[in-house]
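Quick note: the coordinates plus some simple rules give every number you see, no bench work behind them. Source: prediction; values computed, not measured. Cβ coordinates were reconstructed from backbone atoms using ideal geometry, including for glycine residues, and neighbour counts include every protein chain displayed.
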Amino acid sequence: MPFQKGHKPFNRGRPKGSKSKATTEMGLWARSVFESAAYREAAEARIVGGTATAIEIYWLQRIYGKPVEKHEHEAGESLLPLIKNLFATSAPSHDRTS
């Protein structure tokens, strides 16, 4: 059927943002591995020892999400002196007389 203006196809494919079957199955498999007692004991030793592999960290972040970093600022502190000091010490010199 040739294209006709205003015609919408019935099969639009997988909706944007939805996970494929392979991604879902891989996530379930990874979760089962990471939640096994034997793996947890070995992984804890690697993480504490600082020898965890990048793929382990990647999958942990994919399954459980990245850790949230919280930054706190007390109301009594003033950032203005710090900002002024930063610009005073790092400002490039534009003197072209020499």
Exercise for review: Could you work out the equivalent-ellipsoid semi-axes for segment 20-67, taking the square root of 5 times each eigenvalue of the Cα gyration tensor, largest first, in whole Å?
Suggested key: 21, 12, 8
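How big is Rg to Rh over segment 1-41, alpha-carbon atoms, Rh as the Kirkwood inverse-mean-distance radius?
Numbers: Rg = 19.8 Å, Rh = 13.9 Å.
Here Rg/Rh amounts to 1.42.
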Point to revise | Taking V48, V68, V33 and counting other C-beta atoms within 10 Å, the order from fewest to most | key: V68, V48, V33
Check your understanding: When Lys and Arg each count +1 and Asp and Glu each count -1, what net charge do the other residues less than 14 Å away from Y39, Cβ to Cβ, add up to?
Key -> -1
**Study point:** Set of lysines with alpha-carbon distance to K19 below 28 Å, sequence-local pairs under 8 removed
**Key:** K8, K66
Review point. Taking K84 as the anchor, which lysines have their alpha carbon closer than 27 Å to its alpha carbon, excluding any fewer than eight residues away along the same chain?
Key: K70
Practice item. Extending each Cα 7 Å along its Cβ direction at E69 and I57, get the distance between those two points in nm, one decimal. Key: 1.2 nm
Review point. Under unit Cβ charges (Lys, Arg +1; Asp, Glu -1), what dipole magnitude, rounded to 20 debye, does segment 20-67 have relative to its Cα centre?
Key: 180 debye
Check your understanding: Using the 10 angstrom Cβ neighbour count as an exposure proxy, how do L60, L28 rank, fewest first?
Key -> L28, L60
